[in-house]
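K.L.:
Once you've had a glance at the structure underneath, I'll fire off some questions.
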Amino acid sequence: MKLEKVTIVGGTHGNEYTGPYLLKFLKEKNLLTKFSTFETNLFLANPKAYEKNVRFLDVDLNRSFSQEDLSNSSLGHYEADRAKVIHQLLGPKSNPKTDFILDVHTTTANMGVTLIIVDNNPFNLEMAAFVKSKIPGVSILYNPMAEQAGREGLPFLNSLTEHSIGIELGPIANGIVRQDVLLQACDSTLACLEYIEMVNNETEIPVGNEIEVFEKVKPVSFPLDSHGNIAAIVHEYLQDRDFKPLHKNHPVFLKLDGEVVLNQEEETYFPIFINEAATYYLSIAYSLTRKRLLKIRK
């Protein structure tokens, strides 16, 4: 297998500035010239949202790429139209024009460098293992949505290709760029490209056949009042403890009347996206994951 066309995507969410600045940084620093076995396309996904410094104009672009939505001509909002344009440029899912998509995101949560995988494709898993071996502290989030929905049903931009990975970096506020986070994005991206170069050159990849991941289990909502409004804040104990174990009876929320809400889950989970700004409108405070080992190749 040889990959010939690679696409690096930034600005899928318009107020996440690291991705668009990464595209400029890679170009200005000529950092892609050392990769000779494939062509790299730098792609700004949601230019209008980026110009306005908002996550999206109408709906989340990164939830607009299911085949059902892409085939629905009655969806008249901007992101639906933009998704169809991107589908034409990079897709279709059945026969994409690019061989690999790397989608770069940031988060207000303390996620460090997190690679996101939505299936058990050996290429994607081995790439994640390789990046983790190159960059200390990388976490791998496994959200196996493809097992239920299939790639056709996945709503994410990088589901346009079979070979893909997402990167989340944080914590960082929306609408700004930080040097440390930008350099983390750059290092992670270059490690992904190095892996592709090694695969194309049939170089042995120096990783084993197992990879530790955090498998997504479920989201956790804020406590709500009788009108459906958020009635608590994330407890200071939980704040910034992404990927750390959360045991039963650990404090998770502080209600506005002063009551402390304790975790009632029997299993020890590992919370992620704690107090993420982008999910407040959904009243989601964090998500729970469990650790597991995956075989890279059967």
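The values are calculated or read from the model by the stated rules, or taken from the named source; none is laboratory data. No experiment lies behind these values; they were computed from the predicted model shown. Positions of Cβ are generated from backbone atoms using ideal geometry, with glycine treated the same way; all protein chains shown enter the neighbour counts.
K.L.:
If you check Leu89, Leu125, which single one turns out to be surrounded by fewer than 22 Cβ atoms within 10 Å (Cβ to Cβ), part of a helix (DSSP H, G or I) and either polar (S, T, N, Q) or in the same structural domain as Val54 (by TED's automatic domain parsing) (or both)?
P.N.:
The conditions single out Leu89.
K.L.:
Could you list all residues from the stretch 58-79 that are hydrophobic (A, V, I, L, M, F, W, C), assigned to a loop (DSSP other than H, G, I, E, B) and without any contact (Cβ under 8 Å) to a residue 40 or more places away in the chain?
P.N.:
Val59, Leu75 - these are the residues of the stretch 58-79 that are hydrophobic (A, V, I, L, M, F, W, C), assigned to a loop (DSSP other than H, G, I, E, B) and without any contact (Cβ under 8 Å) to a residue 40 or more places away in the chain.
K.L.:
Which ones in the stretch 14-31 are surrounded by fewer than 24 Cβ atoms within 10 Å (Cβ to Cβ), farther than 19 Å from Asn200 by Cα and not charged (D, E, K, R)?
P.N.:
Of everything in the stretch 14-31, those that are surrounded by fewer than 24 Cβ atoms within 10 Å (Cβ to Cβ), farther than 19 Å from Asn200 by Cα and not charged (D, E, K, R) turn out to be Asn15, Tyr17, Pro20, Tyr21, Leu23, Phe25, Leu26, Asn30.
K.L.:
Condition first: surrounded by 14 or more Cβ atoms within 10 Å (Cβ to Cβ) and either in the same structural domain as Met127 (by TED's automatic domain parsing) or in contact with a Ser or Thr (Cβ under 9 Å, 6 or more places away or on another chain) (or both). Now tell me which residues in the stretch 224-241 satisfy that.
P.N.:
Once the filter is applied, which keeps residues that are surrounded by 14 or more Cβ atoms within 10 Å (Cβ to Cβ) and either in the same structural domain as Met127 (by TED's automatic domain parsing) or in contact with a Ser or Thr (Cβ under 9 Å, 6 or more places away or on another chain) (or both), the stretch 224-241 yields only Ile230.
K.L.:
Any residue in the stretch 31-42 that is assigned to a strand (DSSP E or B) sitting within a Cβ distance under 7 Å of a residue that is of a type in the set (Ser, Thr, Tyr)? List the pairs, counting only those 6 or more apart or interchain.
P.N.:
Short answer, once both residue conditions are applied: Asn41/Thr7; Asn41/Thr98.
K.L.:
If you take the residues in the stretch 234-272 that are outside any loop (DSSP other than H, G, I, E, B) and in contact (Cβ under 8 Å) with a residue 40 or more places away in the chain, which one is nearest to the chain's Cα centre (by Cα)?
P.N.:
So, considering only residues that are outside any loop (DSSP other than H, G, I, E, B) and in contact (Cβ under 8 Å) with a residue 40 or more places away in the chain, the one nearest to the chain's Cα centre (by Cα) is Ile272.
K.L.:
Next up: Which residues, counting only those in the stretch 106-141, are closer than 13 Å to Ser164 by Cβ, modelled with pLDDT of 95 or more and within 10 Å of the chain's Cα centre (by Cα)?
P.N.:
Leu115, Ile116, Ile117
Residue by residue, here is whether (1) crowded, with 24+ Cβ neighbours inside 10 Å; (2) out of contact with any helix residue (DSSP H, G or I) (no Cβ under 6 Å at 6 or more places or on another chain); (3) assigned by TED's automatic domain parsing to the domain that holds Asp81; (4) without any contact (Cβ under 8 Å) to a residue 12 or more places away in the chain holds:
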| residue | (1), (2), (3), (4) |
| --- | --- |
| Asp99 | no, yes, yes, no |
| Thr106 | yes, no, yes, no |
| Asn110 | no, yes, yes, no |
| Asn120 | no, yes, yes, no |
| Phe130 | no, no, yes, no |
| Lys134 | no, no, yes, no |
| Gln148 | no, yes, yes, yes |
| Ser159 | yes, no, yes, no |
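K.L.:
Would you be able to tell me the number of residues in the stretch 183-212 that are more than 13 Å from Val138 (Cβ to Cβ) and outside any helix (DSSP H, G or I)?
P.N.:
The number of residues fulfilling the criteria is 9.
K.L.:
Ok, one more. Tally up the residues in the stretch 133-158 that are assigned to a helix (DSSP H, G or I), touching a Lys or Arg at 6+ places or on another chain (Cβ under 9 Å) and not hydrophobic (A, V, I, L, M, F, W, C), please.
P.N.:
2
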